[in-house]
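First the structure, in the form of structure tokens, and then the observations on it.
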Amino acid sequence: MEIVLALAIGILTASGLWLIFRPRTFQVILGLSLLSYAVNLFILAAGRLRSDAPPIVGRDPASADPAFYADPLPQALVLTAIVISFATTALLLVVLLASRGLTGTDHVDGEDGET
Amino acid sequence: MDDTRLLLLVLILPFAGSAIAAFLPQRGRDVAASLTGFNALAGAIMIASLYPVVSAGKVARFAIPWIPALDLNLTLRLDGFTWLFAMLVLVIGALVSFYARYYMSPTDPVPRFFAFLQAFMGAMLGIVLSGNLIQIAFFWELTGLFSFLLIGYWHHNQSARDGARMALIVTGAGGVCLLVGLMLLGRAAGSYDVDAVLAARAAIQSDPTYLPALVLILIGAFTKSAQVPFHFWLPHAMAAPTPVSAYLHSATLVKAGIFLLILLWPVLAGTESWFLIVTSVGLATLLVGAWSAIFQQDLKGMLAYSTISHLGLITLLLGLGSPLGAVAAIFHTVNHATFKASLFMAVGIIDRETGTRDLRLLSGLARFMPITATLAMVAAAAMAGVPLLNGFLSKEMFLAEALQAHSGTVIDVALPYLATLASMFSVLYSVRFIHQTFFGPAPSGLPHEPREAPPWIRLPIEILVLACLLVGVLPALTIGPFLATAVGSVLGEHAPEYSLVVWHGFTMPLLMSFVALLGGMALYILFRAKLNAAERPPFIGRLKGRRTFEAVLAAIVRAARALLRWSATKRLQVQLRLVIVAALVVGTLPFLRYGYSRGPAPDTLIDPIFALLWILGGACAVAAAGLAKFHRLVALVLIGGAGLATCISFIWLSAPDLALTQLLVEIVTLVLLLLGLRWLPQRLPDVWPVGNKPVTVGFRRGGDFVIALLGGAGMAALAYAMMTRPLPDTLSRYFVEQAYPGGGGTNVVNVILVDFRGFDTLGEITVLAIVALTVFTLLRRFRPAPESVQMPAQQHRQNAFDDAREGHERGDTLVHYLLVPRAIIQWLFPVILMFAIYLLMRGHDLPGGGFAGGITASIAILLLYIANGTRAVEAALHIEPVRWISAGLLCAGGTGLAAWAFGYPFLTSHSRYLTIPWIGDIPLATALIFDIGVFAVVVGTTVLILIAIAHQSIRAPRAKTPIDGPPATPTGEPA
């Protein structure tokens, strides 16, 4: 499993990096989406891989042993990251629309150079 | 009364008064002036009431701890010396505000003037009363800021703006040096507390950072106190209104440097470097200032250079490092403040009544304004050091000190002669001022006919001149005890014997004084005509401080631009490449050093389905990367595929909360990007025709490809190395163990978000709210590119179809558009909303929570928009997302604040279960109320963003291109 997830993170990162180097704003937005998937998976992996052990404890104090559950801390971090990445995507999209309206191009520098 | 809380009150009063004065109307000048005078007087009375404490040799202290571990507290202290200085600041402040009330023209924005003046007074008191080095630097910068505002008060005047800017830059640059110097000093002393520092003389002087700290602190003090070579800003600051000059350049701003030198004198002075630097700078300033003052034709310019010269004198005295020198320095600081403040005020009156300050135009004013003339003459005589006035006493002390041997260097030999020479210059310009302004024939060609000033405006000068006289005649009875207290607090057991009497017998200093007096008068008689013809001071007149300053500024700007040109690029692609390559290099370095290895933990068994999932997900990602340029919609769908794979991985890896949120966010993001597609340009034809592509483009793309591959490989390798190592014991243990007993919830992730790390979440939803408002604001002024304003091709086809058919109006085709989904969504809407509330309620115990619930609710609204069109929805439903956002923030923040009401820290939560028949246990923690706030913010944010983008399509376009047919395009349909 570890090797599969590591490769998945690698592929998502590589595709995302390629896209954020592109000159068109839409490509950059998609690239950031892919990168955020990669980073979120990476953070989750920092809690190591556990199946069938969601961090939902019982009310009995004896059940509150970290060994029984997947690490909740990275999950809490990723949860906020998901929502924030939505907000930044929205902001980026609007900025790019505004810049496109002002400059007449969707090039990231606001002027058409090479593709 | 010795309540040290008075110190805080003294410090707060001027700032509070400033805030009030700032909002007074134009006609509130009397109120503003009285407020300023009252605050200054009240402060003076409070400080005076603390005199019994300091005269007993104790230090009054008041502290509010802030970060005690870092030695950062609000500490106020008052000892004998700072008592004297605070009284000076407050009493002269009161007199200046009284003077300014009558001086300022009613047409100026006077309340603003008093607001600045009080704030400045507060900042100055802050320096004086500070018991902490960092705090001193803070108030130091505040004085710089408010003096900038005061000097530039007549901001319509170019020279005022220039003078203010120059003062700000010079003293501000000095302030930065001072901050660093004080931090070094604090480190050497082991504490930033002033009293601790003052007790650590040996530790400081033996510390290797003593010299750098000394130099930096001295630069700070010298820039503020206008010492050579930083003195040039002071004459330019004379563009300020005269009351400002009277205050800033007598008792306050320029004395801040002197104050600091005296305050730190016990720990910094006495070394060879101190002696050499401070003495030579002081001596140079004394001579340069006095020499330049002789040749000034502007009265305020003359006073400015005379101030520089007197500041140099005080610095010189401090540099000598002898206790008697320090006594003379403290005494002269007080004397100079009194006579210089009164002189500035007198010059202000002359300027006001005659309309000019040019010495060459003025003449014979004594017969027109006899009282002002008498006052100015007494004050100028004090400045020249005439016996029976206060200036004489401290100048005697100075001359006596100049005769003592201090270091055995050439300075010792030359000092008596140079001191006499400087005194002679001082007499010369004082005599020139008195004789030329007040004696001789009646002036001709003045802008106004001169007349005596009204009595009220003279009152502050009369008080100050009376002080000069009283101190001059009866020093031991007036200033004596206070000076002794001040000296005692600075010098401690080293306080020397000194006598404050007018007559010491025929001594060497007396002889030097008389040589200076007679010599100065003789020089005036010999050279008066030549002085009036002088354009600028001979010898040093060529050293234009201002020109140098401007040249330095220009050079800095040029260098910065050159550096920017050399090192920076405006191209985002280049920047991103650099950032990623730098990250790659930094990330690789540790592996080069320590080698790469997988950890000891065994791999978990590979599930073929999981592998298949990521074969598909990876393919989606790669395909999306390849197609994003020419096939945006396809790329968007493929990205969704990769997102789905991520989402399933979250479930697989025991993160149901994440999977839920990811899935919902995925939907919203998709709709968002689809809405955005409408405004993007048509697919571009390839800029490079086939076979005509420059080689560099291929190189660049190849380079990008390699960087991307390396980055991906690096992340994969890093992730693998991390995952194969066992998990160390982290904070998670605490969260898991305390989630139920401490947080009252069983869903640990949710408890972390709304309880343990609730403050982070509060910050996060604030960010969301800010983003939403930014998006909203950006889109209000949105101007789409002209070609996007055209109707989409699909709508043309629809219209053509409608036109071609009998009995069809345009838009009829759309009536039945999405009819079945519309009906379904209509019915589903309440169900989805209920599901959202369910997710919110159960969040504390089971996967769900405010984020997931909020996005679900906004998806319900979104579906309604998609199915029915923007106009139809908004005719029936009023959603005010901004209200949702503000209500949510208030709710979440209020929950946190409510904890205060019960005496707990911010955001402490309380939890219990409520059992409702039929439904069961409801977790009822205060965290739930917090989560409701999160829910509301998320709903408001998502809906606001999406609606703002959706609305662009139904807005009346602003572009000039005429539009064919109705502009309305119900959102969602073309996409």
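Between residue B:770 and residue B:794, the FRET efficiency from the beta-carbon distance, with R0 = 35 Å, is close to 0.45. Averaging the sequence gap over all C-alpha pairs within less than 8 Å and six or more residues apart, then dividing by the number of residues, gives chain B a relative contact order of 8 percent. Counting Lys and Arg as +1 and Asp and Glu as -1 over every other residue whose Cβ lies under 14 Å from the Cβ of residue B:411, the net charge comes to -3. The value of relative contact order for the stretch B:801-895, using C-alpha pairs under 8 Å at least six residues apart, is 20 percent. The stretch B:603-667 and the stretch B:402-447 have their alpha-carbon centroids 86 Å apart. Take each residue of peptide B:759-765, count the partner chain Cβ atoms within 10 Å of its Cβ, and average: the result is 2. The calculated FRET efficiency for the pair residue B:606 and residue B:202, based on their C-beta separation and a Förster distance of 51 Å, comes to about 0.15.
So if I place +1 on the C-beta of Lys and Arg and -1 on the C-beta of Asp and Glu, and nothing else carries charge, what would the dipole magnitude of chain B be about its Cα centre? I want it in debye, nearest 20. Provide the component values of the computation, followed by the final result.
On the way: 63 positive and 50 negative charges, 558 e Å.
Result for chain B is approximately 2680 debye, rounded to the nearest 20.
Secondary-structure-derived ellipticity at 222 nm for chain B, considering helices only, amounts to -23500 deg cm²/dmol, per-run term -39500 (n - 2.57) for DSSP H runs with n ≥ 4. The long axis of helix B:455-473 is offset from the longest Cα principal axis of chain B by roughly 60 degrees.
Length gained on full extension, residue B:58 to residue B:566: 177.0 nm, using 0.36 nm per residue less the C-alpha separation. What's the longest piece of chain B with no exposed GluC sites (Glu not before Pro), counting a site as exposed if DSSP puts it in a loop and it has at most 15 other beta carbons within 10 Å? The reported range is B:1-451. Listed by chain and number, the aspartates and glutamates whose alpha-carbon sits under 17 Å from that of residue B:530, ignoring those within fewer than 8 places in the same chain, are B:298, B:358.
For residue B:520, the shell of other residues with beta-carbons less than 15 Å away shows a net charge of +3, using +1 for Lys and Arg and -1 for Asp and Glu.
Against chain B, whose longest principal axis comes from its Cα atoms, helix B:210-224 is set at around 80 degrees.
When both the stretch B:733-799 and the stretch B:197-224 are represented by their alpha-carbon centers, they are found 52 Å apart.
If the only charges are +1 at each Lys and Arg Cβ and -1 at each Asp and Glu Cβ, what is the size of the charge dipole of the stretch B:271-528 around the Cα centre, to the nearest 20 debye? Don't skip to the end; give the middle numbers.
On the way: 11 positive and 13 negative charges, 143 e Å.
My answer is approximately 680 debye.
When the Cα positions of B:212, B:361, B:823 are compared along the charge dipole of the protein assembly as shown, B:361 comes out farthest toward the positive end, with charges on each C-beta of Lys, Arg, Asp and Glu.
Nearest 0.05, what FRET efficiency do residue B:578 and residue B:817 give at R0 = 56 Å with Cβ-Cβ as r? Intermediate results must be reported in sequence, preceding the final value.
Values: r = 49 Å, r/R0 = 0.88.
Given R0 = 56 Å and the Cβ-Cβ separation, E is 0.70.
Straight Cα distances below 22 angstrom link residue B:340 to the lysines B:224, B:255, B:300, B:395, with same-chain residues fewer than 8 positions distant left out.
Between the residues B:479, B:278, B:519, the greatest Cα displacement towards the positive end of the dipole of the stretch B:271-528, with unit charges on the Cβ of Lys, Arg, Asp and Glu, is found for B:519.
How high is the relative contact order of the stretch B:430-575, given as a whole-number percent (alpha carbon pairs under 8 Å, six or more residues apart)?
Working: 21 pairs, mean separation 36.4, N = 146.
In percent, rounded to a whole number, it is 25.
Cβ crowding within 10 Å, taken as a proxy for footprinting-reagent exposure, orders B:430, B:911 from fewest neighbours to most as B:911, B:430.
For residue A:52, project a label point 7 Å along Cα to C-beta. Then give me every residue of the stretch B:598-641 with its amide nitrogen under 19 Å of that point. Correct set: B:603-611. Principal-axis analysis of the Cα atoms of chain B puts helix B:80-103 at an angle of about 90° to the longest axis.
Straight-line reach from residue B:570: which aspartates and glutamates have a Cα under 12 Å away, not including same-chain ones fewer than 8 places off? Candidates past the 8-residue exclusion: A:109, A:111.
Every number here is computed from the coordinates shown, using simple stated rules; none is lab data. Because the structure is predicted, anything quoted here is derived from the model rather than measured. As a convention, Cβ positions derive from the backbone with ideal geometry for all residues, glycine included, and neighbour counts pool all protein chains shown.
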